Each structure stands twice: as C-alpha cells, then as structure tokens.
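Take a look at the structure below.
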Amino acid sequence: MRFTSTVLFPQTAMREVLRCSPICGSDGALAFDESLTTMSRFNWVEDLSPPIRKLVLEKARVRIYPDNTTLYYQGDAVTEVFQIMSGEIRKCIITDDGQEALMYIYKPGDLIGDSSIADEEPYPVTIITRGEATLRVWSAKDFADLRSLHHEVETAVAGQISLRLRAALRLLEELLTQPVAARVASRLIWLADMQGGADQGIGLTISQADIALMVGSTRQSVNRVVTELRKLNFIETDYGRVTVKDLEGLRSYVNEHQNQRHGRGGKGPQ
C-alpha cells in the first residue's frame, strides 16, 4: 500500500480558530491552558525571551482537529509547523502492509515539524492526532521568516534538530542491542526524561499496547515485563497510565538485562 495523499485537513471536521479570545494571554498572544502544559523538552517556545516568544506566538493560528486526523504522511512536503495546546499526536512509521511502529506520543507543549521544515526535506514519519487536538499552526513561510529575523529562534530550532537526532540514535541502539525487558525499561526512562521529570513520581499517559509498538514486541511480552517492574516497585500502572517511581531502579534493571545478554552474569527473566 502506498500513501499518496498529502496533509489531510478534512474541511467538514476541522475548525479553524482565527480569533484567539478564549485562549489569549493578557498581552494578546496565544496562551496555553496551564493545566495542560508539561515540561517537555520539545517545547522550545517557552524558553524564548518574552519579546521573541510574543512575536512567535502572534504569527500562529489555532486549529482544532478531530481524533485520528493525519497531519503528515511519511514523505509529504512540510508546509506547516504545529504546537500542541491540548490533546496528543502519535509519531509513527507505517509499513506498506499497514503495520505501525510507534516512535513517540507528543503531548501539550510539544512542537512538531520544526526540525523537518528546517532542512526542507520530506517529512520522515507519519503523525496522527490521538483524540481531539487543539494546535497552534505556523505556515512554512512565517516560520522561515521567524528563523531568519530572530537568531534566538534559529538557535532553538538547531537545538531541536540535535535533540531529535540523539533520540533517534538512542531508539536504534535499544532495538539493535537490548532484549525486550531492557527495551521496555529503557523506553520508560526515556519518556520520563523527555517530560523533564524528577527521579520519581513521573506520570506517563501510555498504554501497554503503545509500549509494545514502541519496542517492537508483543503486548503479552510487554505485560510480563511491566508486571515484573511493578513487583520491583519501579513503576505503578493504571489504565492507560504508567507512573515511574524509581528511575535509578529502572536503569539498574536495564544494565542487568544487558549484562545477561552479553554473558556478563546477573539473573532474571529476559
């Protein structure tokens, strides 16, 4: 199966908010509902100086997309940059036979498409809304103007390119070198790191089915690992949610299972 469609914006389902009165800050710039924001490392806009941040936000429009809307297919030209105000977006690779490899679930605050629009290459993955999503949207031209006029924006985008490259290399390393148990724990560590969490009590909105798609394993295998991690008191689970209680414990777990794979001792299930 070959995807030939470009960015999918169903006109009958998508509402575009051209005025920002319900979600404006006191300075007139578009603002988040603070209860929805996270400390995500993919939110560089919040780190800009207030005058530059105001200029960036004033260039954005707000759109509301329904659940399961494809914003980009893998290989599409990048025409817009998004920032999540509410909702979530799945970043995935979909094979020709329709199988999905889930790479990340973007949360409120995260920017999407900023790195790809910087290198002017086709979008490398597919991104799909999960639940209704309210997004800030910048056109490619507006985003390019912001980068060329404001060094602070250009520096932030360059930092994101580096961050996303490191994330891709880390995922590749996990898939090539780690057994399933270590991959599951590694993904939980990485997701917690991306939320800028402390050493414990980091809540992740993610299901075991999502984890299975991320680590390239079955849900049953992931369930066995999650059960073990819960018994070790490294995590707690609820429906569609994982709370990381002990990051150092998870790191030790990863090291133990890597040592087993390479015949360096340790014990426990693979």
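Where a number appears in this text, it was derived from the coordinates with a stated rule and is not lab data. The model shown is predicted, which means the values in this text are computed figures rather than measured ones. Cβ sites come from the backbone with ideal geometry, for glycine too, and all protein chains shown count toward neighbours.
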Completion exercise
With a ≥ b ≥ c from the Cα gyration tensor eigenvalues, square-rooted, and the rule rounded for a/c under 1.5, otherwise prolate when a/b > b/c and oblate otherwise, the stretch 88-215 is prolate
Completion exercise
Taking Lys and Arg as +1 and Asp and Glu as -1, residues besides A101 with C-beta under 14 Å from its C-beta add up to -1
Practice task
Rank these for me by crowding, H150, H257, going from fewest to most other beta carbons within 10 Å.
Solution key: H150, H257
Practice task
Can you tell me the alpha carbon radius of gyration of the stretch 51-128 divided by the globular rule-of-thumb value 2.2 N^0.38 Å?
Solution key: 1.16
Handout entry: Flagged links, alpha-carbon separation over 24 Å, of K107/K245; K59/K107; K54/K91
Key = K54/K91
Fill in the blank from the handout: Residues meeting the amide H criterion for A133 (H placed from the backbone, H to H distance under 5 Å, 5 or more places apart or on another chain) are Y65
Fill in the blank from the handout: Along the stretch 151-160, Karplus-curve 3J(HN,Hα) (6.51, -1.76, 1.60; θ = phi - 60°) to the nearest Hz, with x for Gly and Pro, reads 4, 4, 5, 4, 5, 5, 5, 4, x, 5
Problem - Table column - 3J(HN,Hα) (Hz), the stretch 227-233, Karplus curve with 6.51, -1.76, 1.60, x for Gly and Pro - result: 4, 5, 5, 5, 5, 7, 6
